[in-house]
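The values are calculated or read from the model by the stated rules, or taken from the named source; none is laboratory data. What you see is a predicted model, and the numbers here were worked out from it, not measured in a lab. Ideal geometry is used to build each Cβ from the backbone, glycine not excepted, and the neighbour counts take in all protein chains shown.
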Amino acid sequence: MSLRLAARLALPCPSLVRTLVNRAAQRPIPPPRGTIATPQDFLKAIGRSSETKLTPESWEQLFHTNGHQLRKAGLTVEDRRYILWSVEKYRQGLDPSEFAHPPKPASKIRG
């Protein structure tokens, strides 16, 4: 079967390609819980001085932030990954006191 014939046959058939949808729009934004009422409270609760590295204006902005926006804000890879991971854990219903942990200590170079 030639490419031209295959393309002509594919036109009337519905496309089975998955449509591209903004993933951030699909994920729900959780309401503030407990002592966490603002984005700054959340960033303080997860630790690692996150509140000084990122300043979201609203709760929605924090939960719609992606890695590209964090990179433009000047965060390191470790900070970006930790903040996005923490946001997802909070979205799943966990409290920051359950999942927040200090950064991995720097390795010692001997020799």
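Conditions tested, residue by residue: (1) within 21 Å of Ser97 (Cβ to Cβ); (2) over 17 Å from the mean Cα position of the chain (by Cα); (3) at pLDDT below 90.
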site	(1), (2), (3)
Leu20	no, yes, yes
Ala25	no, no, yes
Pro28	no, no, yes
Thr52	yes, yes, no
Glu57	no, no, no
His64	no, no, no
Leu70	no, no, no
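Checking Ser97, Ser86 one by one, the residue that is at pLDDT 95 or above and among the hydroxyl-bearing types (Ser, Thr, Tyr) is Ser86 and no other. Condition check for Val77 on (1) surrounded by fewer than 15 Cβ atoms within 10 Å (Cβ to Cβ); (2) of a type in the set (A, V, I, L, M, F, W, C); (3) touching a residue at least 40 places away in the same chain (Cβ under 8 Å): one failure, at (3). Counting the residues of the range 73-111 that are part of a helix (DSSP H, G or I) and within 16 Å of the chain's Cα centre (by Cα) gives 17. For the range 59-72, filtered to residues that are touching a helix residue (DSSP H, G or I) at 6+ places or on another chain (Cβ under 7 Å) and outside any helix (DSSP H, G or I), the residue that is nearest to Gln40 (Cα to Cα) is His64. For Trp59, the conditions (1) over 23 Å from Gln26 (Cβ atoms); (2) touching a residue at least 24 places away in the same chain (Cβ under 8 Å); (3) surrounded by 11 or more Cβ atoms within 10 Å (Cβ to Cβ) are fulfilled apart from (1).
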